[in-house]
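To start, the structure under review is shown below, and the notes come after it.
Taken together, the values in this text are just the output of simple stated rules run on the coordinates, not laboratory data. Remember, predicted model here, so these are calculated numbers, not experimental data. Positions of Cβ are generated from backbone atoms using ideal geometry, with glycine treated the same way; all protein chains shown enter the neighbour counts.
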There are 2 protein chains.
Amino acid sequence: MVKVVAGVDIGGTGTKFGLVDPNGEVLSESKMPTAVGGTFECFVEKLAEEIQMMLADTGFELEGIGIGAPSGNYYTGNISGASNLPWKGDLPMVDEMLKHFEVPIVLSNDANATAMGEMVFGGAKGMRDFVMITLGTGLGSGIVSGGQLIIGSQSMAAELGHVLVHSDGKGRACNCGRKGCLETYASATGIKKTMIELLESSREESLLRNVPINEISSRMIASAAQKGDKLALEAFDYTGRLLGVQLANIVSVMNPEAIFLFGGLSLSGDLIFDTTRKYMEQNLLSIYKGSVKLLPSQLGAQGAAIVGAASLAHQQKDYLHFEIS
Amino acid sequence: MVKVVAGVDIGGTGTKFGLVDPNGEVLSESKMPTAVGGTFECFVEKLAEEIQMMLADTGFELEGIGIGAPSGNYYTGNISGASNLPWKGDLPMVDEMLKHFEVPIVLSNDANATAMGEMVFGGAKGMRDFVMITLGTGLGSGIVSGGQLIIGSQSMAAELGHVLVHSDGKGRACNCGRKGCLETYASATGIKKTMIELLESSREESLLRNVPINEISSRMIASAAQKGDKLALEAFDYTGRLLGVQLANIVSVMNPEAIFLFGGLSLSGDLIFDTTRKYMEQNLLSIYKGSVKLLPSQLGAQGAAIVGAASLAHQQKDYLHFEIS
């Protein structure tokens, strides 16, 4: 019988789930609205039912469940205070799921899930020390050291998006309430803000001059930069500089073999990789120079969240909420 | 028979060594010049002989050896390219020692040894996630996550002294050749530089106005600050601010339970702890506020290096260069 692990990715609006084989292939997948039924208990009930049906349809044998969710706590198995989910408070995700399944269940946040996915199924196979950066609306991160996820004392490690770029209380306002967080610069939202600032402060011609400000997207900036648009290129240079310097700093902390970039902005290829790599190298302590690979994630965007979540159950045996038999 | 672990601390001029019991008591200790005999082989020969004699004298049973040395590589057991030791190149420290002892031998750098010492014998007993900062001539660090030392892909992790405080290529020149490294501000050397800058740029009265610049020490600045000297207090405030902001950043990476300060500058007590804690708290992401303890090391300065080194052998069984029977 085909043995599979279920991967569940809980997002603010939709929840994706699927069955993943030991090679990282998603054999079956589906999605549902996260707000289904209104209460958290209804959500879990419906999710469990859907996974049960998927298993019945395919005849696969379930070996474990990995769940990626915002503010997913590794130690408690609870989702605690996630601002973008429809429910409030401490949500006993793992305990509720264990009412429906007698397999190991692991919960973590989505960036950690992506990092584990990269190690188990992606470009970090065989690596023991690497950093995963997800460049989406914000900047998420997962860190693996000595083959283990860095979890932290309260399951809140690896918030690189909130490393302060400025030490003087200056910088862009962040959703977290502080100023100067890295994700206000290095993210899809950040580069958009940079582009708008450049358009406002410069008289340089630009393909984006005629686009309404709230329609400018990171993809549009990338497309303009590829056509040689000076201001768009400058936006990438600025983004790569701020990201590169902070990656140089994280290298001084973790001494990773590689840093992976994942998510929307990472798809702009050389535009983001070349600039970031240049500034990272320039700012590295000499003992690290030339030794850290900056790589694109090998998890395809399609299914990456499910595969990442599934990998949590594959790998983190120490923290399973149920003994593997 | 009393079972002991030998701790060896190799420094630029002197090497300390001693026998440590399972409670962290140094039962016997001694030192010798690091340059003894001229060659690295002579040094190891002499060190081994001294430890053998110490064992013969006391009748204790040796269970392992832990060695702390600048640029000590955990994985290879070599000391590689340490600029302040009398020998050059790759020095096979562990292999050479294994010619003399049939016990597990672990090598690491001194800051990692201090971190392990804190966990095994000091204030971090029972903690699984903490950061150790040593404030001496420079700023050294050791990081423990999930109960394990963060070693890094090339055994060069936890160089927090070389995190860049400025992202714009500005800041004080560091011995590493770059500008703006944290240790140029937060260290005994750093606060001295700050004090001198303040004396030069201000007309404020100060107890240190009549001290020749190259005689000013961090202890003198602390003493003046304790007497209410405004500029000395300002020097501590500035040091605490730069250190506090970077500790807030490292909290975003590691989510530690505590941060320990060790070394000369940490002995200035409230002067450094209160300012650093204030600025760290001010700059913490809200989810961490109030949750990270800033504590003085519980390893006494006397013997800390030996105890720290010995703890390496106690704890890091994964990386021992010899199986524990």
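For this structure, a couple of remarks:
- The 3J(HN,Hα) values that the Karplus relation (6.51, -1.76, 1.60; θ = phi - 60°) gives for region A:256-266 are, in residue order, x, 6, 8, 10, 9, 10, 9, x, x, 5, 5 Hz. Gly and Pro appear as x.
- All Cα pairs of the protein assembly as shown, percent lying beyond 43 Å: 29
- Test item: Cα-centred dipole of chain B, Lys/Arg +1 and Asp/Glu -1 on Cβ, debye: 1160
- As an equivalent ellipsoid, chain B spans semi-axes of 36, 22, 18 angstrom, where each value is the square root of five times an eigenvalue of the C-alpha gyration tensor, largest first.
- Partner chain coverage, peptide A:279-286 - average Cβ within 10 angstrom: 3
- Ascending list, in nanometres, of distances separating the residue A:48 label from those of the other copies (7 Å, Cα toward Cβ): 6.4
- For region A:26-60 versus region B:37-60, the gap between their alpha-carbon centres in whole angstrom: 67
- For residue B:32, label point 7 Å along C-beta direction: distances to other copies, nm: 7.1
- Inter-chain Cβ neighbour average for residues A:176-182, partner chain, 10 Å: 3
- Neighbour cut-off at most 11 other Cβ (10 Å), DSSP loop, GluC sites (Glu not before Pro), region B:87-147: B:102
- Other copies of residue B:21: label-to-label distances in nm, shortest first, labels 7 Å along the beta-carbon direction: 6.1
- For residue A:299, residues with placed amide H under 5 Å, excluding near neighbours: A:123
- Backbone N under 20 Å from the residue A:39 label point (7 Å along Cα→Cβ), restricted to region A:71-98: A:78-82, A:85-98
- Computed about the Cα centre, the dipole magnitude for region B:126-296 is approximately 120 debye when only Lys and Arg (+1) and Asp and Glu (-1) carry charge, each at its Cβ.
- Positive end of the dipole of region B:126-296 (Cβ unit charges, origin at the Cα centre): among B:212, B:180, B:226, the Cα lying farthest that way belongs to B:180.
- Per-peptide average of other Cβ atoms within 10 Å, ordering B:229-235, B:186-192, B:120-126 highest first: B:186-192, B:229-235, B:120-126
- Ratio Rg/Rh [Cα only; Rh per Kirkwood] for region B:1-103: 0.95
- Order of A:100, A:162 - criterion: other Cβ atoms within 10 Å of each residue's Cβ, fewest first: A:100, A:162
- Per-residue mean of foreign Cβ neighbours for B:253-263 is 4 (Cβ atoms of other chains, 10 Å radius).
- Shown for B:114, A:58, B:239, A:76: other C-beta atoms within 10 Å of each C-beta, ranked fewest to most, produce the order A:58, A:76, B:239, B:114.
- Over all other residues within a Cβ to Cβ distance under 15 Å of residue B:138, the charged ones net out to +1, with Lys and Arg as +1 and Asp and Glu as -1.
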